[in-house]
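Trainee: Questions regarding the structure given below will be posed in turn.
The values are calculated or read from the model by the stated rules, or taken from the named source; none is laboratory data. These numbers come from a predicted model, not from an experiment. Every residue, glycine as well, gets a Cβ built from its backbone with ideal geometry; the counts of neighbours run over all protein chains shown. Surface accessibility is based on the protein's heavy atoms, side chains included, excluding ligands, DNA and RNA. Shrake-Rupley method; radii C 1.70, N 1.55, O 1.52, S 1.80 Å.
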Amino acid sequence: MMKQIVLILLLLALLGCGAKTVASHTPEPDSIEIYVVDHGMHAGIVIDAKSVANVIDGLAFDDKAIRFIEFGWGDQAFYQAESFSLFLAIKALLFPTDSVMHVAGLHYDPWVYFRRSEVLRIGISPLRLNALLSHIDRSFVRDKRGQLIDLGRGLYGKSRFYAAKGEYHLFNNCNTWAMSVLIQAGIPEPMMVTLGASSVMRQVRSYQDQAADPVK
């Protein structure tokens, strides 16, 4: 029975729909594009590097070829593990644990870099972009000098882990964090908690549909 409960919790909190499509709506003339990536276990938020640099200081990306930066928040031990650990996954879901930010610098457009994943694109106003980036910035832990706390190399490409604020658990997981970021972009807060990446992507698609046909 316990095994079944654990499997249900893992499916709710870690698994996404795994689709491999790209979708977008036509942004307004003054809007700035951001991207949401379905990694299966979690949703990542991708923003152009110049916009990020205007708000978030201290990221370790000096390479001028970096065009976009992806952000993800999650359980520190599970996210940084070199391989999948069922024990760490269960611990992360059932007990409040320390969190970490994963930040990746991308040389290419997200749908090229993550061509095996579903990538959704939306356009938001500069004001909302600033609010979104400020929200992400507040997710980092900084030392007494105001510096980010680097925890080592990330999962792929030019990526790093940084210390983050907040405790990770089933109802405050990587996807609820991603949804909190997207709410700053103007995506309506969902009726249900967004435990899985598929829920996040569904909210984004709904927003795209409304933006493409505002009379709905």
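Trainee: Between His107 and Gln210, what is the spin-label point distance in nm, taking each point 7 Å from the Cα along the Cα→C-beta axis?
Mentor: About 3.9 nm separates the two model spin labels.
Trainee: Mind giving me the FRET efficiency for Ala60 and Phe171? R0 is 41 Å, r the Cβ-Cβ distance, nearest 0.05 is fine.
Mentor: Details: r = 31 Å, r/R0 = 0.77.
Efficiency, rounded to the nearest 0.05: 0.85.
Trainee: Between the DSSP loop rule and a limit of at most 14 other Cβ atoms within 10 Å, which chymotrypsin sites (Phe, Trp or Tyr not before Pro) in region 112-216 are left? Numbers along the way, then the final one.
Mentor: Details: sites: Tyr113, Phe114, Phe140, Tyr156, Phe161, Tyr162, Tyr168, Phe171, Trp177, Tyr207; in loops: Phe114, Tyr156, Phe171.
Loop-located and lightly packed - Tyr156, Phe171.
Trainee: Would you rank Glu70, Glu167 by solvent-accessible area, highest first, keeping every protein chain in place and using a 1.4 Å probe? If you can, show how the numbers build up before the last one.
Mentor: Values: Glu70 5, Glu167 105 Å².
So the residues, ranked largest to smallest area, are Glu167, Glu70.
Trainee: Once you have the Cα-Cα distance between Asp137 and Tyr156, take 0.36 nm times their residue separation minus that, and quote the gain in nm to one decimal. Intermediate results must be reported in sequence, preceding the final value.
Mentor: On the way: separation 19, 0.36 × 19 = 6.84 nm, distance 2.14 nm.
Working it through step by step, the gained length comes to 4.7 nm.
Trainee: Separate question: Would you work out the relative contact order for region 140-198, in percent, from Cα pairs under 8 angstrom that are 6 or more residues apart? Could you put the intermediate results ahead of the total?
Mentor: Working: 50 pairs, mean separation 14.4, N = 59.
24 percent.
Trainee: Using a probe of 1.4 angstrom, how much of the accessible area of region 94-216 is carbon and sulfur, in percent?
Mentor: On the way: 3280 of 6280 Å².
It is 52 percent, rounded to a whole number.
Trainee: Next question. Could you please report the charge total around Val200, scoring K, R as +1 and D, E as -1 over all other residues with beta-carbon less than 13 angstrom from its beta-carbon? Before the final figure, lay out the partial values.
Mentor: Details: positive: Arg202, Arg205; negative: Asp38, Glu118, Glu189.
Once positives and negatives cancel, what remains is -1.
Trainee: At a probe radius of 1.4 Å, what is the per-residue accessible area of Lys165, in Å² to the nearest 10?
Mentor: 110 Å²
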